[in-house]
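None of the figures in this text is laboratory data; all of them are computed from the coordinates on show. Just so we're clear, the structure is a prediction, and the values are computed from it rather than from any experiment. Reconstructed Cβ throughout: ideal geometry from the backbone, glycine too, with neighbour counts over all protein chains shown.
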Ligand code: AMP
């Protein structure tokens, strides 16, 4: 069974093709296109590459296309992307303007190009279904809550992968198995033994931090929208609710312009005034740009704030995990985030940290009470597995 997972950005298409034949689980192709302006052409190029490279003999061999969909009204989990599901995504376009519109456009193009192939979405919110209500609730009037104004949490596929893989690496296969079966069976009873307490830091163009107790999320730094929590590349992070009406009044912005600036001109770009990419910001900071230095400090401060929150909720920690573009590649930010936490058993070995780049690694000293790990994420695998399960259920 071959499943293509398409990762759709506002100007990019990335894909991975998985082959689940004969009980195996193999990634057989990986590729991507940047600066996409025409989605139909991008899909054509993707299918052509799969054929050229011998990964797909004919399109009919595709059992499904899976998507890491973000947010939909009154809908989560792993679902077929029919018209009703697409409409539910469109109903949340204004909450996730950088994510939902490109996904909807891409899904419609796939539907047109591959009419017989099931299209399936695994929503990023699915992983937080079992988080405690108190962690997901905003202190808003009841009718706001009824209108869906609550924390949803995102990056579910990535944090689920980290929950499973970290449990394997920490020698807790029963926790890994619980995570693997989570969407099928629900959390059930926690496994025997001491609780496994992990904090997963997905730090990239978009960042979030999650606490995991025995593999199940107890919350996420992203809230109603992917515009909250830590500062993102160009999207604002946590912000006092009154900041938006205040900025609109004092700067004379209308709603559309305020939304645009929050989603396009905030985050690390807004803070640094240099770039939305950590590499450029670090280079500017190294050459004395104070705003760039401050941007990095805010990022580190916010990451620590969320780590602190989950450290308390979990009553201690077994492992702190770094993943995604920044988490996997930026040793200096990992060191800054984990600095001065030895009172909690968290320490980093500088040499191990420097050496760990986009590979699985333990970067804490051998004798540290808390393992600090780098684990490259694999969101597409999580999506592909759930798509396969949905297809097998019929
Ligand atoms: P992501 O959204 O996970 O691709 O992460 C993007 C962020 O990670 C950007 O700020 C990049 O600067 C950083 N990043 C991604 N890959 C690398 C790399 N190979 N080396 C250094 N930084 C990277």
So if I take the centroid of the Cα atoms in segment 161-213 and the same for segment 1-62, what is the distance between those two points in Å? 28
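Just need the relative contact order of segment 100-185 here, percent rounded to a whole number, with Cα pairs under 8 Å and 6+ apart. Mind dumping the intermediate values first?
On the way: 52 pairs, mean separation 18.9, N = 86.
Rounded, it is 22 percent for segment 100-185.
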The rounded separation in angstrom of the Cα centers of segment 115-137 and segment 79-112 is 14
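Write down the Å³ per residue value for the convex hull defined by the alpha carbon atoms of segment 230-338. Intermediate results must be reported in sequence, preceding the final value.
Working: hull volume 12.3 nm³, N = 109.
Cα-based convex hull of segment 230-338, divided per residue, equals 113 Å³.
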Zone of residue 150 (label point 7 Å along Cα→Cβ, backbone N under 17 Å): which residues in segment 197-240? 217-226
Return the single residue from 152, 15, 144 with maximal mean-square fluctuation; model: Gaussian network over the chain, springs between Cα atoms under 10 Å. 144
Averaging sequence separations of C-alpha pairs under 8 Å and six or more residues apart, then dividing by the length of the chain, give the relative contact order as a whole percent. 14
Tell me, what are the semi-axes, in whole angstrom and largest first, of the equivalent ellipsoid of segment 176-239 as set by the roots of 5 times the Cα gyration tensor eigenvalues? 28, 12, 10
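What does the C-alpha gyration tensor say about the overall shape of segment 87-212? Classify as rounded when a/c is under 1.5, otherwise prolate if a/b is larger than b/c, or oblate.
oblate
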With Rh as the Kirkwood radius over Cα pairs, segment 34-159 has Rg/Rh of 1.05
Can you give the FRET efficiency for residue 48 and residue 294, using 1/(1 + (r/R0)^6), R0 = 56 Å, r = Cβ-Cβ distance, to the nearest 0.05? 0.75
If I build a Gaussian network model for the chain, linking alpha-carbon pairs within less than 10 angstrom, which residue out of 127, 344, 154 has the largest mean-square fluctuation? 344
For a bin width of 5 Å, list the pair-distance distribution of segment 324-394 built from all Cα-Cα distances, rounded to whole %. 3, 17, 22, 17, 11, 8, 8, 7, 5, 2, 0
GNM, the chain, Cα, under 10 Å: largest mean-square fluctuation among 239, 122, 75? 239
Give the distance, in whole Å, between the Cα centre of segment 358-394 and the Cα centre of segment 278-342. 20
Counting alpha carbon pairs within less than 8 Å and at least 6 residues apart, what relative contact order, in whole percent, applies to segment 166-321? 22
On alpha carbon coordinates alone, what is the Rg over Rh value for the chain, Rh being the Kirkwood radius? 0.96
